[in-house]
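Here's the structure, in structure tokens; my notes come after.
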Amino acid sequence: MKILIVEDEAGLQDMMAGALRKEGFVVENAADYDSAVDKLDIYVYDCVLLDIMLPGGSGLDILSHIKKLNRKVNVIIISAKDSIDDKVRGLELGADDYLAKPFHIAELVARIRSVARRSQADGDFAFRLGNAVLEPDTHRLMIAGKDVPLLKKEFDILRYFMQRPGHLVDKTVLAEAVWGDHIDQADNFQFIYAQMKNLRRKLVEAGADIEIKAVYGFGYKLIEK
Amino acid sequence: MKFIYRIILWLSALMLVFMTLWGIFFFRALEAEIIDETDDMLESYSADIIMKWLSGVDIPSIDNGSNNTYYIHKVSPDYAASVPQIRYENAMIFIAHKKETEAARIRHHIFMDDDSFYELTVAVPSFERQDLINAILKWMVFLYFILLVACIGITVAVVEYNFRPLKALLGWINSYVPGKKSAPVPCDTGIVEFRTLAKATQEAADRFERQYELQNQFIGNASHELQTPLAVCTGRIEMMLDSDTLTQRQAEELAGINRTLQRMVRLNRTLLLMTKIDNGQFMDVSDVDIVASVKDSAGMFNEIYAHKGVRSSLSTDGGVLNVKMNEQLSSILVSNLIKNAFVHSPAGSEIDISILGRTLRVANDGDRPLDKDRIFDRFYQGSGKKEGSTGLGLALVKSICDRYSFRLEYVYDGRHNFIVGF
């Protein structure tokens, strides 16, 4: 999969490119409006990661340009401006997703995979790993074809892991992702352990060949057995 | 004190002084005039008597029916030499035919007849000083009040009429809220001073507005600019955490750094959120069910803080509380209030949330009252800094309440009470 990163901040560009290459993507960079438009005119990409504020023009103009080219390109807007207005405008202009800075690399990868999957298999948003299939839209988890009922928080936790299989997830990051901004880092994470225990038990009972492993004592990782 | 009362007070005081002085002057002038006239009369009367005396004609009888009296005494040459030839005095005299004492003007005149000295004393009843003073005083007081009422009436009318531009200006200043779009300063007057004042006010308000905007922009921009470097840092750390060659120790360090970074991210995000609220960027409004929102939040925090043994209970009057506001902001408002109570409650205590009418009250235990004036300030943390807390939660609540003009109150009655009136 070929990805174009349109981002003027060299550090971020470098970091994103490195992370995405590690995931096995082919990555190219454009640091300003003109070079981005040039590259988009010449080459074909599967996915464009688009910053809104760029030297020489707005990322939203590039988005319009891509739509004019009439090519099947997934666009994920990456912006420091976490405003609903921008989000709505970007999505109206045809962006596939919107990610606010700062973001987790694993989340970026998950989003790229997700939009790619969406464009390939129409409407199938399910995450698959091993014999587990998780459908975010219907809030269903199927293991080996059988429904496994999960409570809401358990489902949210598993979805978070399914989006970033094989990645280490810090429990504070997990807590924030699932419980929202209401978590304080000084908090005790008893509530996570309880949920995690139930989730793991349900996975084992259903005979799943995926497992949430505790790592280093502060994090978890979803792996295939 | 209102300006008009001040004017009335000064008018009354100054007019009192003026009228007193005028009364004294008036009395003196009147008295001098009366004495002058009386003396003239006494002079011609005594001249008449002396002339008649010297020429041996019959002089009028002492009791001739008028109130005028006269005496002629023979006096010694020594006495005659020791007093002036003509003297005037005021005294009380007894009028024989009236059988009463009256105030009189008396003229003493020493004259010579056949080498003997005689003193003619002529007296004419005159005015009673005290009566005159009383009469004048009475009328002066009367005049004072008439003049005062007229003066005050006219002044109030003139001042009220001419100060309308000032009133309009004051009204504008009172309704001015920094950061909110307000109408231009009223300047509908031909009076130079008021025009200058209005102009100066407008300029000050404009300058203030610009600075307010710049400050807001600065916080917003600074937060925006921080997003990218923060993204780079967290991204790199996450990549390193995924590496297989990490030792346990290194991984823990990295995770520690990452948590600190997440804290910065959260701080930054909250600051941005506040800037956005202050800039009025949450436009869309819907009917929000506050009771449901409170139940949601309370449920979640009960779960999160179960380890602390803090529980919350909700009491309502059975009614619904629907508020027209932005849904995102309403959930931030509610959850921050409730979270604040959970975070700052001692272990094992109870939080009481009540919704009565259009008032939401969150009460939690605490042994000391908090600083009422600073509790809603950014980064203010009352009793010792809580690790991991941004210090922005209540400031955020205040921003939202200000935005919608909700009443936000803190009351300490042995417990901390946070009250929002929608």
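Laboratory data are not the source of any read-out in this text; all were calculated from the coordinates shown. For clarity, every value in this text was computed on a predicted model and none was experimentally measured. So basically every Cβ, Gly included, is an ideal-geometry build from the backbone, and we count neighbours across all protein chains shown.
With a/c under 1.5 counting as rounded, go ahead and sort region B:178-242 into rounded, prolate or oblate using the C-alpha gyration tensor (a ≥ b ≥ c being the square roots of the eigenvalues; past the cut-off, prolate if a/b is larger than b/c, else oblate). The shape class here is prolate. By the gyration tensor of its Cα atoms, with a ≥ b ≥ c the square roots of the eigenvalues, what is the shape of region B:303-385: rounded for a/c under 1.5, prolate for a/b over b/c, or oblate? Because a/c hits 1.5 or more and a/b fails to exceed b/c, region B:303-385 counts as oblate. When DSSP beta bridges are restricted to pairs lying wholly in chain A, around 55% turn out antiparallel.
Simple point charges give the picture: +1 on the Cβ of Lys and Arg, -1 on the Cβ of Asp and Glu, and for region A:2-121 a dipole about the Cα centre of about 620 debye. When the inverse distances between all different Cα atoms of region B:70-133 are averaged and flipped, the Kirkwood radius reads 13.0 angstrom. The charge dipole of region A:127-224, taken about the Cα centre with unit charges on the Cβ atoms of Lys, Arg (+1) and Asp, Glu (-1), comes to about 300 debye, rounded to the nearest 20.
DSSP beta bridges confined to the protein assembly as shown are antiparallel in about 75 percent of cases. By the helix-only formula, in which each DSSP H run with n ≥ 4 contributes -39500 (n - 2.57) and the sum is divided by residues, chain B has a 222 nm mean residue ellipticity of -19500 deg cm²/dmol.
For chain B, the antiparallel share of DSSP beta bridges with both residues in that region comes to about 90%. Toward the positive end of the charge dipole of region A:127-224, about the Cα centre and with charges on Cβ (Lys, Arg +1; Asp, Glu -1), which of A:VAL173, A:VAL204, A:LEU134 goes farthest? With unit charges placed on the Cβ atoms, the residue in question is A:VAL204.
Counting neighbouring beta carbons within 10 Å and listing from fewest to most, the residues B:CYS401, A:CYS47, B:CYS151 come out as B:CYS151, B:CYS401, A:CYS47.
Calculated FRET efficiency, B:ASP296 to A:LYS39, Cβ-Cβ distance, R0 = 45 Å: about 0.45 to the nearest 0.05. Rg ratio for the protein assembly as shown: its Cα radius of gyration over 2.2 N^0.38 Å, N being its residue count, equals 1.92. By the count of neighbouring beta-carbon atoms within 10 Å, fewest first, B:THR390, B:THR260 end up ordered B:THR260, B:THR390.
Comparing B:GLY299, B:GLY56, B:GLY190 in a Gaussian network model of chain B, where Cα atoms under 10 Å apart are tied by springs, the biggest mean-square fluctuation is seen for B:GLY56.
Across chain A, the longest piece that holds none of the chymotrypsin sites (Phe, Trp or Tyr not before Pro) lying in DSSP loops with up to 15 other C-beta atoms within 10 Å covers A:126-225.
Legend: residue pairs A:LYS22/A:LYS171; A:LYS22/A:LYS221; A:LYS22/A:LYS72; A:LYS2/A:LYS39, Cα-Cα distance threshold 21 Å; pairs beyond threshold, A:LYS22/A:LYS171; A:LYS22/A:LYS72. A run of chain B free of exposed loop cleavage sites, with GluC sites (Glu not before Pro) counted only in DSSP states other than H, G, I, E and B and at most 15 other beta carbons within 10 Å, reaches its longest extent at B:129-386.
Taking Lys and Arg as +1 and Asp and Glu as -1, the other residues whose beta-carbon sits under 11 Å from that of A:VAL37 total -3. By the scheme Lys and Arg +1, Asp and Glu -1, what is the net charge of all other residues having a beta-carbon under 15 Å from that of A:LYS213? Once positives and negatives cancel, what remains is +1. For chain A, modelled as a GNM whose springs connect Cα atoms under 10 angstrom apart, the maximal fluctuation among A:LEU151, A:LEU141, A:LEU108 occurs at A:LEU151.
If you run the Gaussian network model on chain A, springs between alpha carbon atoms under 10 Å, then out of A:ASN29, A:ASN74, A:ASN131 the most flexible one is A:ASN131.
With a 10 Å cut-off around each Cβ of B:314-320, the average count of Cβ atoms from other chains is 0. Lysine pair count for region B:264-393 (Cα-Cα distance under 21 Å; residues 8 or more apart in sequence or on different chains): 12. Averaged over peptide B:250-259, the number of partner chain Cβ atoms lying within 10 Å of each residue's Cβ comes to 4. For region B:389-422, backbone nitrogen atoms closer than 17 Å to the point 7 Å from B:SER331 Cα along Cα-to-C-beta are found at B:397. Here region A:127-224 has an Rg and Dmax of 12.8, 40 Å, counting Cα atoms alone. Considering only B:SER126, B:ALA150, B:LEU170, and ranking their Cα positions along the charge dipole of region B:90-230 that arises from unit charges at the beta-carbon of Lys, Arg, Asp and Glu, the one farthest toward the positive end is B:LEU170. Rounded to two decimals, the Cα radius of gyration of region A:2-121 over 2.2 N^0.38 Å is 0.94. Among A:VAL6, A:VAL75, the ranking by other beta carbons within 10 Å of each residue's beta carbon, starting with the fewest, stands as A:VAL75, A:VAL6. Each listed q (0.17, 0.18 Å⁻¹) maps to a log10 I(q)/I(0) for chain A from the Debye sum over equal C-alpha point scatterers, namely -1.22, -1.30.
As a size descriptor, the averaged projected area of the C-alpha convex hull of chain B was calculated at 44.2 nm². For region B:135-186, the Kirkwood estimate of hydrodynamic radius, built from reciprocal distances between every pair of different alpha carbons, is 14.2 Å. Counting only Cβ charges, +1 for Lys and Arg and -1 for Asp and Glu, the dipole size of the protein assembly as shown around its Cα centre is about 3620 debye. Per residue of B:269-276, other chain Cβ atoms within 10 Å of the residue Cβ number 2 on average.
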